[in-house]
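Down below is the structure, laid out as structure tokens.
The values are calculated or read from the model by the stated rules, or taken from the named source; none is laboratory data. In this text the structure is predicted, and so the values were computed from the model without any measurement. All Cβ positions, even for glycine, are placed from backbone atoms using ideal geometry, and neighbour counts span all protein chains on display.
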Amino acid sequence: MKRIVVSGLIGALFGLGIAISGMANPAKVLNFFDVAGQWDPSLLLVMGGALATTAFGYRLVFASRSRPLLDARFHLPSNRQIDGRLIGGAALFGIGWGLSGFCPGAAIPAIGFGGVPVLVFIGAMMAGIALARSLDGLSRKQLKAF
């Protein structure tokens, strides 16, 4: 139960940060990509702040703890390989972000502001996740058959 409460609080804090920074507004994100027009560098500042906070947090936590407070171990990615799936996923993420102005981290808090574009994005994101899982399952089954 503690994990659920702490996870909810962390998610709420993240959503509050997204809302305060204006990143739930797709126009703000799209203006960042419009370097020849109404360029808005605030996304760069938000990303830089997030990167600095994360780097400091990781150093602090991993230097002082052998395991997290509410779990038996840290769950870190084990795959360090850059492959076609990673590059393709990153490219699709970037294209979707550039076209819609939403990324999953900003779209979920933006549901609270309402609006059809947010709901369309969330629906498309869920369909994309389901499709990717389906295709991944098919490719893994094919690999196992040989």
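F102 versus (1) farther than 22 Å from G128 by Cβ; (2) touching a Pro at 6+ places or on another chain (Cβ under 9 Å): which is the lone unmet condition?
(1)
Between residues in region 67-89 that are over 19 Å from V5 (Cα atoms) and residues that are outside any loop (DSSP other than H, G, I, E, B) and of a type outside the set (S, T, Y), which pairs lie under 9 Å by C-beta distance while being six or more apart or on different chains?
Note: pairs meeting the criteria are N79/L86; R85/D136; G89/A132.
Look at D71 and say whether it is on the phi < 0 side of the Ramachandran plot, among the charged types (D, E, K, R) and modelled with pLDDT of 85 or more.
Judged against the criteria, D71 is a match.
What are the residue pairs meeting all of these: first residue in region 7-33, first residue polar (S, T, N, Q), second residue at pLDDT 90 or above, Cβ atoms under 7 Å, and 6 or more apart or on different chains?
N31/Q38; N31/W39; N31/D40
In region 38-97, how many residues are under 20 Å from S21 (Cα atoms) and of a type in the set (A, V, I, L, M)?
The total comes to 9.
For region 54-111: of the residues being of a type in the set (D, E, K, R) and within 29 Å of I122 (Cβ to Cβ), which is farthest from the chain's Cα centre (by Cα)?
Result: D71.
If you go through region 1-14 one residue at a time, how many are basic (K, R) and either within 19 Å of A106 (Cβ to Cβ) or exposed (fewer than 11 other Cβ atoms within 10 Å of the Cβ) (or both)?
Residues that pass the stated criteria total 1.
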